[in-house]
Amino acid sequence: MIKIRAKYILGIESSCDETAASIVKVEKISGQVSVLANIISSQIEIHKKYGGVVPEIAAREHVLNILPVINEALEKAKITEKEIDLIGVTKGPGLITSLITGLETVRALSFAWNKPVLEINHIEGHIYSNFINLTEPIKFPAIILTVSGGHTNLVLMDKNQKIKIIGETLDDAAGEAYDKGAKMLGLGYPGGPIISKLANEFKNNHQLSDLELPRPMLNTPNFNFSFSGLKTSLLYKLQKDKNWKKRQAEYCFAYQEAIIEILIKKTIKAAKKYEAKTVMLSGGVSANEELRTKMAEAVKTNFPKAKFLVPEREYTTDNAAMIATAAAYLINKRKTAPFNKLKVEPSLQLK
Ligand code: KG4
Ligand code: ZN
């Protein structure tokens, strides 16, 4: 599926609160990318008590975790550093102090091991989580919705795998909407899994809800998103409702319904405009069962000939397998960076 330039690739990801290392293998004949090791040291338990990620703490944890995580990946994959052909590393966007740990570690490894390095954009990485274990080539153009704690954007990918952002959030990201909504509802962090669990419980035990929440920018003539109005609206509803604690699951249901409807409508609209042959989901929020099911149905109904791809769940939230996979594909299209030129690049603009 891809021209082989590298067989074993080490991926490193440290843009937020996950320190991750992965080894992928590019199969010689099929060009398929398979994951030999996907090691993630998550800091969720540490940040939970603050209700969100504390950048300074995240950076310190990355420093402690990064070398053990890389060693574990090599051990799990049963290869030595000598066999690595290429290192892929996240250069941004993300928390600068977190990104620096990954990038500086790769700088040292690249120098010590004499390995080439490919810098990968984090969103690009999420997109390439759909390219892991591919059994048939992807048809283009493709529309990809990336929804995570830090990003919400719609990207168009052409047959040369060039990507262009066609829409993005003007304020909060979809994952952030989940996280902030959960905080208002007195639930923990991260909010996505908790809200989705309660929303499911409500759905399975009740008829429809009469709680009305707005769908900001649903019908605007562009592909941008906005979630802050929805969040504020939830806040006002909770302030007015003395019994909201008894209706917690119902609020989760209504809130999630609003987020998912916006995401699906915009994605389908983009797929129509660009005559997409493939629609993909990626990012932490794409772990959401309701979103996966409803987007699959919407693609099937609107574009029966198009293919819908969604990453396996372990590759939806931040991981390094997606970074290594992006490197496997992009090594044919992008120059490697000399170790003394590696640098954090926070801009969201994809190259
Ligand atoms: O991709 P990710 O790990 O980090 C960023 O790049 O930001 O995404 C994390 C986000 C969090 O906001 C979390 O609440 C959300 O993904 N998330 C979910 C689910 N699992 C994680 N949102 C909705 N439903 C889920 N099941
Ligand atoms: Zn991410």
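Of everything in the stretch 167-221, what is in contact with a strand residue (DSSP E or B) (Cβ under 8 Å, 6 or more places away or on another chain), outside any loop (DSSP other than H, G, I, E, B) and not acidic (Asp, Glu)? Give them in sequence order.
Matches in the stretch 167-221: Gly167, Thr169, Ala174, Gly175.
Being closer than 30 Å to Ala173 by Cα, charged (D, E, K, R), outside any strand (DSSP E or B) and within 15 Å of ligand 2 (Cβ to nearest atom) is the requirement here; does Glu104 meet it? Please lay out each step first, then the result.
Values: closer than 30 Å to Ala173 by Cα: yes; charged (D, E, K, R): yes; outside any strand (DSSP E or B): yes; within 15 Å of ligand 2 (Cβ to nearest atom): no.
Against the criterion (closer than 30 Å to Ala173 by Cα, charged (D, E, K, R), outside any strand (DSSP E or B) and within 15 Å of ligand 2 (Cβ to nearest atom)), Glu104 does not qualify.
For the stretch 296-307, what are the residues that are in contact (Cβ under 8 Å) with a residue 12 or more places away in the chain and surrounded by fewer than 17 Cβ atoms within 10 Å (Cβ to Cβ)? Steps first, answer last, please.
From the stretch 296-307, those in contact (Cβ under 8 Å) with a residue 12 or more places away in the chain are 296, 298-299, 302-303, 305-307; that's our starting set.
Matches in the stretch 296-307: Ala296, Asn302, Lys305, Lys307.
Can you tell me which residue within the stretch 116-134, out of those that are of a type in the set (A, V, I, L, M, F, W, C) and in a strand (DSSP E or B), is farthest from ligand 2 (Cβ to nearest atom)?
First pass over the stretch 116-134, keeping only residues of a type in the set (A, V, I, L, M, F, W, C): 117-118, 120, 123, 127, 131-132, 134.
Keeping just the survivors that are in a strand (DSSP E or B) gives 117-118, 120.
Working: Val117: 20, Leu118: 18, Ile120: 12 Å.
Restricting to residues being of a type in the set (A, V, I, L, M, F, W, C) and in a strand (DSSP E or B), the top hit is Val117.
Give the residue that is surrounded by the most Cβ atoms within 10 Å (Cβ to Cβ), with candidates limited to residues of the stretch 24-44 that are among the charged types (D, E, K, R) and touching a strand residue (DSSP E or B) at 6+ places or on another chain (Cβ under 9 Å). Write out each step before concluding.
Restricting attention to the stretch 24-44, the residues satisfying the condition of being among the charged types (D, E, K, R) are 25, 27-28.
Of the ones still in play, those that are also touching a strand residue (DSSP E or B) at 6+ places or on another chain (Cβ under 9 Å) are 25, 27.
Values: Lys25: 20, Glu27: 13.
Out of the qualifying residues, it is Lys25.
Within the stretch 222-260, which residues are loosely packed, with under 15 Cβ neighbours inside 10 Å and in a helix (DSSP H, G or I)? Even if it seems obvious, please write down each step before you answer.
Restricting attention to the stretch 222-260, the residues satisfying the condition of being loosely packed, with under 15 Cβ neighbours inside 10 Å are 222, 232, 235-236, 239-243, 245-246.
Selection gives Thr232, Leu235, Tyr236, Gln239, Lys240, Lys245, Lys246.
Scan Glu168, Glu201 and give me the residue that is within 16 Å of ligand 2 (Cβ to nearest atom), out of contact with any Asp or Glu (no Cβ under 6 Å at 6 or more places or on another chain), modelled with pLDDT of 95 or more and not aromatic (Phe, Trp, Tyr). Even if it seems obvious, please write down each step before you answer.
Working: Glu201 fails: within 16 Å of ligand 2 (Cβ to nearest atom).
Testing whether each residue is within 16 Å of ligand 2 (Cβ to nearest atom), out of contact with any Asp or Glu (no Cβ under 6 Å at 6 or more places or on another chain), modelled with pLDDT of 95 or more and not aromatic (Phe, Trp, Tyr) leaves just Glu168.
Which number in (1) farther than 26 Å from Asn71 by Cα; (2) within 16 Å of ligand 1 (Cβ to nearest atom) marks the one condition that Ile120 misses?
(1)
Would you point out which residue out of Thr293, Thr336, Thr325 is assigned by TED's automatic domain parsing to the domain that holds Ala254 and either away from ligand 1 (no atom under 12 Å from the Cβ) or without any contact (Cβ under 8 Å) to a residue 24 or more places away in the chain (or both)? Break it down stepwise before answering.
Details: Thr336 fails: assigned by TED's automatic domain parsing to the domain that holds Ala254; Thr325 fails: assigned by TED's automatic domain parsing to the domain that holds Ala254.
Exactly one of Thr293, Thr336, Thr325 is assigned by TED's automatic domain parsing to the domain that holds Ala254 and either away from ligand 1 (no atom under 12 Å from the Cβ) or without any contact (Cβ under 8 Å) to a residue 24 or more places away in the chain (or both), namely Thr293.
What number of residues within the stretch 46-62 satisfy the criterion of being part of a loop (DSSP other than H, G, I, E, B) and not β-branched (Val, Ile, Thr)?
Looking only at the stretch 46-62, we keep the residues that are part of a loop (DSSP other than H, G, I, E, B), and these are 49-54.
Narrowing further to those that are not β-branched (Val, Ile, Thr): 49-52.
Final tally of qualifying residues: 4.
Restricting attention to the stretch 276-290, which residues are more than 9 Å from ligand 1 (Cβ to nearest atom) and more than 18 Å from Glu261 (Cβ to Cβ)? Steps first, please.
Initially, the stretch 276-290 is screened for residues more than 9 Å from ligand 1 (Cβ to nearest atom), giving 276-281.
Those that are more than 9 Å from ligand 1 (Cβ to nearest atom) and more than 18 Å from Glu261 (Cβ to Cβ): Ala276, Lys277, Thr278, Met280.
Of all residues in the stretch 86-114, which are touching a helix residue (DSSP H, G or I) at 6+ places or on another chain (Cβ under 7 Å) and farther than 25 Å from Val147 by Cβ?
Leu86, Ile87, Thr101, Thr105, Arg107, Ser110, Phe111, Trp113
For the stretch 77-86, indicate whether the set of residues that are assigned to a loop (DSSP other than H, G, I, E, B), among the β-branched types (Val, Ile, Thr), more than 24 Å from Glu124 (Cα to Cα) and in contact (Cβ under 8 Å) with a residue 12 or more places away in the chain is non-empty. Give the steps one after another, and end with the answer.
So in the stretch 77-86, the residues assigned to a loop (DSSP other than H, G, I, E, B) come out as 78-80, 84-85.
Going one step further and asking which of them are among the β-branched types (Val, Ile, Thr), we end up with 79-80, 84.
Among the residues that remain, those that are also more than 24 Å from Glu124 (Cα to Cα) are: 79-80.
Still in the running and in contact (Cβ under 8 Å) with a residue 12 or more places away in the chain: 79.
Scanning the stretch 77-86, I find at least one residue that is assigned to a loop (DSSP other than H, G, I, E, B), among the β-branched types (Val, Ile, Thr), more than 24 Å from Glu124 (Cα to Cα) and in contact (Cβ under 8 Å) with a residue 12 or more places away in the chain, so the answer is yes.
Could you please let me know if Val26 is touching a helix residue (DSSP H, G or I) at 6+ places or on another chain (Cβ under 9 Å), of a type in the set (A, V, I, L, M), touching a residue at least 24 places away in the same chain (Cβ under 8 Å) and not assigned by TED's automatic domain parsing to the domain that holds Gly186? Walk me through it before giving the result.
Numbers: touching a helix residue (DSSP H, G or I) at 6+ places or on another chain (Cβ under 9 Å): yes; of a type in the set (A, V, I, L, M): yes; touching a residue at least 24 places away in the same chain (Cβ under 8 Å): yes; not assigned by TED's automatic domain parsing to the domain that holds Gly186: yes.
Criteria met by Val26.
Of these, Ile66, Ile40, which one is at pLDDT below 95 and part of a strand (DSSP E or B)? Please lay out each step first, then the result.
Numbers: Ile66 fails: part of a strand (DSSP E or B).
Unique residue meeting the criteria: Ile40.
Condition first: modelled with pLDDT under 95, assigned to a loop (DSSP other than H, G, I, E, B), within 15 Å of ligand 2 (Cβ to nearest atom) and of a type outside the set (Val, Ile, Thr). Can you find one or more residues in the stretch 150-162 that meet it?
yes
The values are calculated or read from the model by the stated rules, or taken from the named source; none is laboratory data. The shown structure was predicted, so the numbers you read here are calculated from the model rather than taken from an experiment. Glycine gets a Cβ as well: all are built from the backbone with ideal geometry, and neighbour counts include every protein chain shown.
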